[in-house]
Amino acid sequence: MRLPERQLAVLEAASATDERTIDQIAAETGLKPETVTGAAFDLRDEDLLDVTETSVEAAEITDEGSAYVADGLPETRLHRAAADAGAADDPVSMGEVIGRADLAGPEVDIALANFPRKGFGTVDSGELTIDASVDPDDDPEATALAAIQNASDADDAGDGDVLTDVDDEVLDRLASRGLVELAERTTRSVTLTDAGVTALMEGVEVAETVAQVTPELLASGEWRDVEFTEYDVEADAPDVGGGRKHVLRRTADRVKDVLVGMGFQEMEGPHADSDFWINDCLFMPQDHPARTHWDRFALDVPPMDDIPKTLIDRVESAHREGYGDDGDGYHSPWSEAFAREVALRGHTTSLSMRYLSGYAGAELEPPQRYFSVEKVYRNDTLDPTHLLEFFQIEGWVMAEDLSVRDLMGTFEEFYRQFGITDVRFKPHYNPYTEPSFELFGKHPETGEEIEIGNSGIFREEVTGPLGVDCDVMAWGLALERLAMLTTGAEDIRDLHGTLADIEFLRNAEVSY
Ligand SMILES: N[C@@H](Cc1ccccc1)C(=O)O
């Protein structure tokens, strides 16, 4: 019998009586594990080898876990320091013990959370007492962590270690503390079949095979005579993370498709815009809190000079004296210089103003529908639902006699395209719309209602000065919040930025 060289090497390394793992054979033959796997499957297809697969949980120690193996778990260090300070007899002040234990930053919280949980002692009104009968060296978490570290030091492959003697509960706890990472690992083992033993006894010769066509083989014509290695699609191969559009970009593209499908046209305009378009046109008084440096990113650039003067005058008059028969305005100071100052837009309603004014060249004969999916900037505090930069899905519909039913119906139709059928509305206040509504959607994982948008029907004080004399309903929806609902991400920072999990970004699906 003739076999390719690598298959012969694997066959010779296998045993009829003992199961040998792919890693063992790889170490013995000097072949890569994926090569051994490929050869093993080929030999199995020839009935020369049996391949068995077992799945086991493997644990790999994290950097934090390794640090604790070296220095002791924070709660253990707390127990030792407390023992030194005499906390077995009398309560000792927590500050003192923490200082002695040399715990810093998050280690303090970690120590204080685990210390009472493990029965090391009690923490009460800023004082610590220890249970002297407990020996922190017997702690199963510490022992397991040290065992995992040892196994990992001995493991050349570095792909996690199979742990048979660590209690599942302890392992889960270490994983939830982020001290080890658990992964399912498949181990393949091989044994010689009777046919394999017979073949080896009768003698196997090496068949030269070619794995890759080279220019030389082609040029010489030799490729016609050689035997090619078979292509094995089952062989293990390293994962290749190909390029892929970001989940947020795909959601944005989908939103655009949906809105275009609903008859909307896209708006575009500057990220850095004058306060005039961002706020004044929206009947936002110049002393509104959102217009201070607390909320907005002002830019140190020259004022915007290409704003139509007639429009400035009409907007100023609406602010000062009001618009329409019942309008009264704010009667507060209004400065044209402030209106011309430039900042990063805090919403894309600036684009709606540019378009509704006719200044952006849009058609304004009703009915009209416009949208944008663009970035906005706010001086917010980062938290699970807030970013400093995010995407707004802006939109407006201009028509005669619009009502709240039209507004709600539009959102229901829009969100239904993303499988969201339980949007809820809450009355809200905006200086520029009346009535106004916030929109809420239920998070698929937490069940919490999260705010997904803000909307309303523009006031006369907004549409009048722009020269629009029919109804305009409008909204700003948060793209990231929509993506949280469709992907189940619980923290907006899981979607983009440095904290986002690359595996999530590789695998997340955009649902529609
Ligand atoms: N500009 C509002 C959204 C909105 C736009 C248009 C009308 C009503 C509300 C926001 O950023 O929250």
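The values are calculated or read from the model by the stated rules, or taken from the named source; none is laboratory data. These numbers come from a predicted model, not from an experiment. Quick reminder, even Gly has a Cβ in these numbers, built from the backbone with ideal geometry, and neighbours come from all protein chains shown.
In this structure, Thr229 qualifies as touching a Pro at 6+ places or on another chain (Cβ under 7 Å) and modelled with pLDDT under 95.
Residues of the range 471-491 being of a type outside the set (D, E, K, R) and within 16 Å of the ligand (Cβ to nearest atom), which ones?
Passing the criteria: Val472, Met473, Ala474, Trp475, Gly476, Leu477, Ala478, Leu479, Leu482.
Apart from one condition, Asp313 fits all of (1) within 16 Å of the ligand (Cβ to nearest atom); (2) out of contact with any helix residue (DSSP H, G or I) (no Cβ under 8 Å at 6 or more places or on another chain); (3) modelled with pLDDT of 95 or more; (4) not small (Gly, Ala, Ser); the exception is (1). The criterion of being out of contact with any Asp or Glu (no Cβ under 6 Å at 6 or more places or on another chain) and not assigned by TED's automatic domain parsing to the domain that holds Asp471 holds for Ala298. Of all residues assigned to the range 71-84, at least one qualifies as being over 30 Å from Thr186 (Cβ atoms), of a type in the set (A, V, I, L, M), touching a Phe, Trp or Tyr at 6+ places or on another chain (Cβ under 6 Å) and crowded, with 22+ Cβ neighbours inside 10 Å.
Conditions (1) within 16 Å of the ligand (Cβ to nearest atom); (2) buried (at least 17 other Cβ atoms within 10 Å of the Cβ); (3) modelled with pLDDT of 95 or more, marked per residue:
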| position | (1), (2), (3) |
| --- | --- |
| Gly329 | no, yes, no |
| Pro333 | no, no, no |
| Leu344 | yes, yes, yes |
| Thr348 | yes, yes, yes |
| Leu351 | yes, yes, yes |
| Arg354 | yes, yes, yes |
| Ser372 | yes, yes, yes |
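For the residues Leu407, Leu402, the requirement of being part of a helix (DSSP H, G or I), among the hydrophobic types (A, V, I, L, M, F, W, C) and within 14 Å of the ligand (Cβ to nearest atom) singles out Leu407.
Residue-level analysis places His331 outside the set of residues that are within 20 Å of Glu434 (Cβ to Cβ), in contact (Cβ under 8 Å) with a residue 60 or more places away in the chain and part of a loop (DSSP other than H, G, I, E, B).
Taken over the range 445-467, the criterion of being away from the ligand (no atom under 14 Å from the Cβ) and either under 20 Å from Leu248 (Cα atoms) or touching a strand residue (DSSP E or B) at 6+ places or on another chain (Cβ under 8 Å) (or both) is satisfied by Glu445, Glu448, Glu449, Ile450. The listed residues are Arg44, Arg117, and the only one of them that is within 20 Å of Ala199 (Cβ to Cβ) and basic (Lys, Arg) turns out to be Arg44.
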